[in-house]
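One structure below.
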Amino acid sequence: MDHSQPTESTNLFDNQHPVDRVFFLHQLIDYLPMGAMVVDTHANIILVNDELAHILGYSAAELSGMEIESLLPTEFQANHKNLMYQFFKNPRKRQMGVGKELYAKRKDGSQIPIEIGLNPVQGQEQPLVLATLIDLTPRLRANKMFQHSIQSAPNGVLAIDSKGIIRLANHSLCVCFGYSEDELLDQPMEVLLPERYRHKHHSLRHSFHQDPSVRMMGVGRDLTALHKDGREFPVEIGLSPFEDENNQDMVLVSLLDITERKRMEIELRENNTRLEEFTYVASHDLRSPLRGIADLLEWIKEDLGDETLPDVLNNINRIDIRIQRMEQLIENLLAYAKAGQATTNTQVVDINHLLDNVVELLSIPDGITLQRDIQLKTLVSSWTPLETVIRNLISNAIKHHDSDQGTILIRCCAENNLCHFSICDDGPGIPEAAYERIFRLFQTATSNERGSTGTGIGLSISRRLAESHGGRISVESNHHQRGVTFHVWWPRFLRKDTHD
């Protein structure tokens, strides 16, 4: 083997004493942050650092003098001497096995993925090679975790390179678009865009790579994607730039199909529109004629005078009562419509003070006792809707009680981010079959023995108020006594979705 030809190797030992040369080489590989060894032309290890010994599970003394083939998996050993010969024939600084998966064999027989760098060094008597070795196990483990996180994400995820080519697509995205993973990989991402957007997308992608940042795509615009079957669907898209293991610029695209949300928004807008129309009709088209009828009735009474026949007067009074009931019905409908609108004027609510206000407005019979167990003193909320809900529930418990003596217990405590109110009575109770019905508009439970009846509006308004402010309401039978307990869960902190 002729070593006299020019090479890229470096003579590190010019003008150095032999002892100094060895010391210098030891220092060189010991200071390297990765595993390193010096190998001669016979593939024997001359020097090795502690990091390499640690990676391979040997001591440095065990590795010194060992043939390099001993550190290779069996299937690679036979061809290694030929590769060494080829390297020393044309030595140059390079990565070993570029594009291939390389493995080293540890002392315990296990194999680890590695990356090897070769650096020729001109020794005093023969060429040498400084080989650096990096254990890729942590990197591959991190990459595997990344891949698993992407594949198990509930939203669609794409990894796109700087040329707009799909390099990764998770299962959720494939389901969303109707493709298999193989159909999407190595395809331009424009296949997922409607035709009318494709000619502009190249310039948009270029602009993003000029100033990459984590952001939502198309803020303020309705974005749509193209399903495999040719249908478009609305999406929300997030962009997150990153570099892959080869330092290539990539973009992680998270995509959410918002078809159901859009459908619900449309239905909600339609319902609100119909409710507004109904409110207008109830306020004007119904109330005005009723007032006109009531005025006509008063004029008829005046025209008939004091000598009106009793039967005629009785019928006139019945008409008057029905007009009043109709006016009350309109008022209840308007109250129900307004209950669906969350109020934004929030404040710190002292719960005992709120209950004091409720009690002042109620007519409480002498035999009915109100007790309190208030463990949460304050919350941040809109005062009026919360007071309306609590007043309706306490009023119902009083109104529908079937005895001259009774107790109503009002409890309040914190449950995570909610305030839990409970109103427990010892009245006649409510049939379990009616638990849902009583919250519907104009539905009432069975009247009590006193003959008290309701309009069927209070509980429906209470539920509507609770839900529109981010809470909920339910009822259950008492197990330790007669009666029922109404539960109200009400947010005790400001929330963007209910207080904006």
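The values are calculated or read from the model by the stated rules, or taken from the named source; none is laboratory data. If you're wondering where the values come from, they're calculated on a predicted model, not measured in any experiment. Note that we place each Cβ from the backbone using ideal geometry, even for glycine, and neighbour counts take in every protein chain shown.
Quick look at the values:
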item	result
Pairs where the first residue, in the stretch 207-221, is farther than 9 Å from PRO241 by Cα and the second is surrounded by 10 or more Cβ atoms within 10 Å (Cβ to Cβ) and modelled with pLDDT of 85 or more, C-beta under 6 Å, 6+ apart	ARG215/LEU239; MET216/GLY238; MET217/ILE237; MET217/LEU239
The stretch 94-149, subset of a type in the set (A, V, I, L, M) and free of Cβ contacts under 8 Å to residues at least 12 places away in the same chain, residue farthest from ASP40 (Cα to Cα)	MET145
Residue, nearest to the chain's Cα centre (by Cα), within the stretch 305-321, restricted to residues that are within 30 Å of LEU334 (Cα to Cα) and charged (D, E, K, R)	ASP320
Tally, over the stretch 95-112, of residues that are more than 15 Å from HIS54 (Cβ to Cβ) and polar (S, T, N, Q)	2
Criterion (under 30 Å from LEU334 (Cβ atoms) and not assigned by TED's automatic domain parsing to the domain that holds HIS227) met by exactly one of GLU302, GLU298	GLU298
Criterion: surrounded by 12 or more Cβ atoms within 10 Å (Cβ to Cβ) and among the acidic types (Asp, Glu) - qualifying residue of GLU115, GLU101	GLU115
Subset of the stretch 241-258 (residues that are surrounded by 15 or more Cβ atoms within 10 Å (Cβ to Cβ) and either within 23 Å of GLN210 (Cβ to Cβ) or free of Cβ contacts under 8 Å to residues at least 60 places away in the same chain (or both))	PRO241, MET250, VAL251, LEU252, VAL253, SER254, LEU255, ILE258
Qualifying residue in the stretch 205-220 (condition: surrounded by 12 or more Cβ atoms within 10 Å (Cβ to Cβ), within 15 Å of ASP257 (Cα to Cα) and touching a Leu at 6+ places or on another chain (Cβ under 6 Å))	yes
Selection status of ALA335, assigned to a loop (DSSP other than H, G, I, E, B) and either polar (S, T, N, Q) or modelled with pLDDT under 85 (or both)	no
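Residues checked against (1) of a type in the set (Lys, Arg); (2) at pLDDT 90 or above; (3) within 30 Å of THR137 (Cα to Cα); (4) not in a loop (DSSP other than H, G, I, E, B):
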site	(1), (2), (3), (4)
ASP20	no, no, no, yes
LEU25	no, no, yes, yes
ASP30	no, no, yes, yes
THR41	no, no, yes, no
LEU47	no, yes, yes, yes
